[in-house]
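Undergrad: Here it is: the structure, laid out below.
The values are calculated or read from the model by the stated rules, or taken from the named source; none is laboratory data. Since the model is a prediction, treat every value here as computed from it, not as a measurement. All Cβ positions, glycine included, derive from the backbone under ideal geometry; neighbour counts span all protein chains shown.
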Amino acid sequence: MKRKLRMGMVGGGIDAFIGSVHRIAARMDGLVELVCGAFSVNPEISKESGEALFVDPSRVYSTYQEMIEKESQLPEDVRMDFVTIVTPNFVHFDPARLALENGFNVVIEKPMTFTLEEAKQLKDLVEKTGLTLALTHTYSGYPMVKQAKAMVKENKLGKIRKVIVEYPQGWLSRLSEREGNAQAAWRTDPKRSGKSGAMGDIGTHAAHLAEYITGLKIVDICADLNTLVEGRLLDDDGNVLIRFDNGANGVLIASQIAAGEENAIRIRIYGEEGGLEWIQEEPNSLYVNLLDQPKQIYRTGNAYLSNAAKHNTRIPAGHPEGLLEAFGNIYRNFVLTVSAKLNGETPTPEMLDFPTVEDGVRGMAFIDNVVASNASNEKWTKFVV
Ligand SMILES: NC(=O)c1ccc[n+]([C@@H]2O[C@H](COP(=O)([O-])OP(=O)(O)OC[C@H]3O[C@@H](n4cnc5c(N)ncnc54)[C@H](O)[C@@H]3O)[C@@H](O)[C@H]2O)c1
């Protein structure tokens, strides 16, 4: 690594939620500087956001098209290295496509695109250009999720038989989209969110977490989607039965009307020899229950953990790490990968440990398949990518 990487942003202005989390995460390890942005759909807000972030005014743009065009014309040692896209789902594909076509690496929010077809186009572009794309499925960045993955891979649980993954939230228990909540408004609008509401917004996180930890792929599903708040246009709740490619079965629950819940994503995985459990709201603990043995609690920051867990931990045991650090891990691994490539080196497997464009395609396929299964009269439907 010879220098910091230069970051540009699409979205994430003072009118946004997740953009500021990305900035904290990107800069956590001192490997990134924010150099430009088209921070809002509203050029005035983009300008104000640039001022608040002390970005050079000549590099605060009114649109992402202008940003990519003008940045491409800057000298190589000045222009941004990568673009972070933190807009509503319907404004993911086009800025990502333009960025890749103009030689810029990409960090993009989930779900990766608006349609599965767009996701496949991005995959083709990433392959064609050799550029790097990271998808921010945040929960896979936690050290104890890495530990869980390592233990499954080392066969500590034996052959995996069952996965229960749930993501209950309560923040859409009322018709908040009609009460001035900007984040609720686009998430419940099929023209801006996509085919699915809760399953697209948070079911995709749950599906990614299950596939990431187990290393298995979903092959069949049976989905039941519900819209429980009257007047809402998309699903706000749903249950999916799953079969994985090794024959294991699973249950995935995503709900945004689980009144009183915060961000209670939780996963339980059972193999022939034992099980494990991880709960996002207590992220520094991993519960490991092996057959005929006392229950164990593995804790972040200890020497007995896997290399992957240690590589993704910053502070000693007992000092809690959380969502910001998990986000930071995705950024650090992405940045180390891009820097290695810029230096003509081969990224290590630890560097390459972040969600990619393939995960983005699977996430979009998950949405398509769940919606199709819910609409079908069949009990089970094939998971098609
Ligand atoms: N990884 C996670 O855990 C996580 C958490 C929250 C949100 N998200 C994802 O992040 C994305 C953004 O969500 P949010 O809640 O921050 O939304 P938001 O509504 O709070 O912010 C969206 C931002 O995009 C800007 N924008 C819209 N159109 C634009 C355009 N054409 N050009 C430039 N800027 C534009 C808006 O002005 C705003 O600044 C979504 O895809 C969402 O699914 C992911």
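Undergrad: Give the residue that is nearest to the chain's Cα centre (by Cα), with candidates limited to residues of the stretch 185-201 that are outside any loop (DSSP other than H, G, I, E, B) and surrounded by 21 or more Cβ atoms within 10 Å (Cβ to Cβ).
TA: Among residues in the stretch 185-201 that are outside any loop (DSSP other than H, G, I, E, B) and surrounded by 21 or more Cβ atoms within 10 Å (Cβ to Cβ), the one nearest to the chain's Cα centre (by Cα) is D201.
Undergrad: Kindly indicate whether any position in the stretch 5-13 is within 14 Å of the ligand (Cβ to nearest atom) and within 21 Å of L336 (Cβ to Cβ).
TA: Yes; the residues of the stretch 5-13 include at least one that is within 14 Å of the ligand (Cβ to nearest atom) and within 21 Å of L336 (Cβ to Cβ).
A quick yes/no check of all residues on (1) surrounded by fewer than 17 Cβ atoms within 10 Å (Cβ to Cβ); (2) within 24 Å of T300 (Cα to Cα):
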{"residue": "P88", "(1), (2)": "no, no"}
{"residue": "V107", "(1), (2)": "no, no"}
{"residue": "M112", "(1), (2)": "no, no"}
{"residue": "V145", "(1), (2)": "no, yes"}
{"residue": "A148", "(1), (2)": "no, yes"}
{"residue": "N155", "(1), (2)": "yes, yes"}
{"residue": "L172", "(1), (2)": "no, no"}
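Undergrad: In the stretch 366-378, is there at least one residue being out of contact with any Ser or Thr (no Cβ under 6 Å at 6 or more places or on another chain), at pLDDT below 95 and of a type outside the set (K, R)?
TA: yes
Undergrad: Name the pairs: first residue in the stretch 80-99 and away from the ligand (no atom under 11 Å from the Cβ), second residue among the hydroxyl-bearing types (S, T, Y) and assigned to a loop (DSSP other than H, G, I, E, B), Cβ to Cβ under 6 Å, at least 6 apart or on different chains?
TA: F93/T113
Undergrad: Here's a check for you: in the stretch 128-143, which residue that is part of a helix (DSSP H, G or I) and touching a residue at least 12 places away in the same chain (Cβ under 8 Å) is surrounded by the fewest Cβ atoms within 10 Å (Cβ to Cβ)?
TA: Among them, the one singled out is T129.
Undergrad: Consider A326 carefully, then state whether it is in contact (Cβ under 8 Å) with a residue 12 or more places away in the chain and either closer than 30 Å to D81 by Cβ or among the hydroxyl-bearing types (S, T, Y) (or both).
TA: yes
Undergrad: Which residue pairs have Cβ atoms under 6 Å apart, sit 6 or more places apart or on different chains, and have a first residue in the stretch 14-31 that is without any contact (Cβ under 8 Å) to a residue 40 or more places away in the chain and a second that is among the polar types (S, T, N, Q) and within 10 Å of the ligand (Cβ to nearest atom)?
TA: Short answer, once both residue conditions are applied: I14/S49.
Undergrad: Moving on. Which members of the stretch 62-73 meet the condition of being more than 26 Å from the chain's Cα centre (by Cα) and in a loop (DSSP other than H, G, I, E, B)?
TA: The one that is more than 26 Å from the chain's Cα centre (by Cα) and in a loop (DSSP other than H, G, I, E, B): S62.
Undergrad: Looking at this structure, is A308 of a type in the set (A, V, I, L, M) and surrounded by fewer than 17 Cβ atoms within 10 Å (Cβ to Cβ)?
TA: Working: of a type in the set (A, V, I, L, M): yes; surrounded by fewer than 17 Cβ atoms within 10 Å (Cβ to Cβ): no.
No: the conditions fail for A308.
Undergrad: Here are R23, R27: which of them is within 18 Å of R332 (Cβ to Cβ), within 13 Å of the ligand (Cβ to nearest atom), out of contact with any Ser or Thr (no Cβ under 6 Å at 6 or more places or on another chain) and not hydrophobic (A, V, I, L, M, F, W, C)?
TA: One residue alone meets the criteria, R23.
Undergrad: Residue pairs, Cβ under 6 Å, 6 or more apart or interchain, first in the stretch 47-74 and polar (S, T, N, Q), second crowded, with 18+ Cβ neighbours inside 10 Å. List them.
TA: S49/G13; S49/F39; T63/A38
Undergrad: While we're on this one: Would you please list the contacts, defined by Cβ atoms under 6 Å and residues six or more apart or on different chains, that run from a residue in the stretch 354-369 that is in contact (Cβ under 8 Å) with a residue 24 or more places away in the chain to a residue that is aromatic (F, W, Y) and surrounded by fewer than 24 Cβ atoms within 10 Å (Cβ to Cβ)?
TA: If the second residue must be aromatic (F, W, Y) and surrounded by fewer than 24 Cβ atoms within 10 Å (Cβ to Cβ), the pairs left are N369/F383.
Undergrad: Does the stretch 222-234 include one or more residues that are within 16 Å of the ligand (Cβ to nearest atom), in a helix (DSSP H, G or I), in contact (Cβ under 8 Å) with a residue 24 or more places away in the chain and not β-branched (V, I, T)?
TA: Checking the stretch 222-234: not a single residue is within 16 Å of the ligand (Cβ to nearest atom), in a helix (DSSP H, G or I), in contact (Cβ under 8 Å) with a residue 24 or more places away in the chain and not β-branched (V, I, T).
Undergrad: Which condition breaks for E76 when tested against (1) away from the ligand (no atom under 15 Å from the Cβ); (2) outside any loop (DSSP other than H, G, I, E, B); (3) within 28 Å of L352 (Cβ to Cβ)?
TA: Condition not satisfied by E76: (2).
Undergrad: If we keep just the residues of the stretch 311-345 that are closer than 18 Å to A25 by Cα and among the charged types (D, E, K, R), which is surrounded by the fewest Cβ atoms within 10 Å (Cβ to Cβ)?
TA: Among those residues, the one meeting the criterion is R314.
Undergrad: With the checklist (1) buried (at least 24 other Cβ atoms within 10 Å of the Cβ); (2) farther than 19 Å from I108 by Cβ in hand, flag the one item Y64 doesn't pass.
TA: Only one criterion in (1) buried (at least 24 other Cβ atoms within 10 Å of the Cβ); (2) farther than 19 Å from I108 by Cβ is unmet by Y64, namely (2).
Undergrad: Within the stretch 232-279, take every residue that is closer than 28 Å to E378 by Cα and aromatic (F, W, Y) and give me the one that is surrounded by the most Cβ atoms within 10 Å (Cβ to Cβ).
TA: Ranking the candidates gives F244 first.
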